[in-house]
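No value in this document is a laboratory result; all are computed from the given coordinates. Just so you know, these numbers come straight off a predicted model, no measurement behind them. Don't worry about glycine lacking a Cβ; one is built from the backbone with ideal geometry, like all the others, and counts go over all protein chains shown.
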Amino acid sequence: MKRFLLVVCSASFAIAVFLSTHQWDHSTANAQESKAQETKARSTPNKKAIERSRRTVKTLDNIFKQTIVLVTDKYVNDDDDFAAGSAAVLLFKNVSDGSDNTIRLIDATGDPYESENVAKDDFEKEGIKKLKAGAKTVDEVITQDGKHYLRALTPVPVVMDKCIMCHAHYADAKKGEPIGAISYTVPID
Ligand code: HEC
C-alpha cells in the first residue's frame, strides 16, 4: 500500500511539473509571438505615410530640377561661372545639415567632377543601375534607430547643351539617359 501511494504521489508530482512547465512554455511562446507582431507593426509604416513621403520627394525633386535649369539658363554663361551643380551640392548640404532629410547630387557616368559626388552605399549603387536601365524613380523604406525613412533616387538627364560646357563627356550620353541622380532620405511620419 505504501509503495502504491508513493507511486501515485510521484506520478501526480510528475504530471504537475509537466503541466506547469508546459503552461510556462505556452505563455513564453505567446509573449514572443506578440513581441514579433509588435516589431512587425513598427517595421512597416502605413501605406498613406509612405505615399506622403513619396509626394514630398516629388515636390522637392521638381523644385530642385527647375532651379538647376533656371540657374544654368539665366546665370551660367561660361565655365568660370558658379555652376548650378555646385549650387545644388551646397544647397543640399545645408538643407541636410539642419534637418532629418538627407539630399545629395551624385554622378551616374563614372566620371564625376568631384569624387565625393558618387553613389556610396548599396541603395545608391543599385539605384543608379536601375535608373540607367530606364526606371523613372527608385525607392525603398528603411528603419534607423526605430524611425522610418523613405530613400529615393531620381534621374538627372542632360537637359541643356550648356551642361556639356563643363561636363564634356555628357556629349556621349544617349538621349534621355541619366548622367546623374538626386538621392533623397526623408522621414516617414
Ligand atoms: C559652369 C560649369 C558647369 C555647368 C554649366 C554645369 N555643371 Fe554640373 N557640375 C559642375 C561642378 C564644378 C560640379 C561639382 C560641384 C561640387 O561638388 O561642388 C558639378 C557637379 C554636377 C553633378 C554631380 C556629379 C559630379 O560630376 O560631381 C551633376 C549630376 C551635374 N553637375 C549635372 C549637371 C547638369 C545636368 C548640368 C546642366 C543643366 C550641369 N551640371 C551644368 C560644373 C558645371
Please compute the net charge surrounding A88, taking Lys and Arg as +1 and Asp and Glu as -1 over other residues with Cβ under 10 Å from its Cβ.
+3
Spin-label point model (7 Å from Cα, Cβ direction): what's the V118 to Y75 distance in nm?
2.9 nm
Scattering curve values for region 64-166, log₁₀ I(q)/I(0), Debye with Cα scatterers, q = 0.11, 0.21 Å⁻¹:
-0.38, -1.29
What does the net charge come to around T109 if you take all other residues with beta carbon closer than 12 Å to its beta carbon, with K and R at +1 and D and E at -1?
-2
Pairwise label distance in nanometres, T44 with K174, each label 7 Å out on the Cα-Cβ vector
3.7 nm
Reduced Cα scattering model of region 131-189, Debye log10 I(q)/I(0), q = 0.12 Å⁻¹:
-0.40
For T102 and E51 in one chain, what is 0.36 nm times their gap in residues minus the Cα-Cα distance, to one decimal in nm?
16.5 nm
Semi-axes, largest first, in whole Å: what does sqrt of 5 times each Cα gyration tensor eigenvalue give for region 60-118?
19, 16, 11
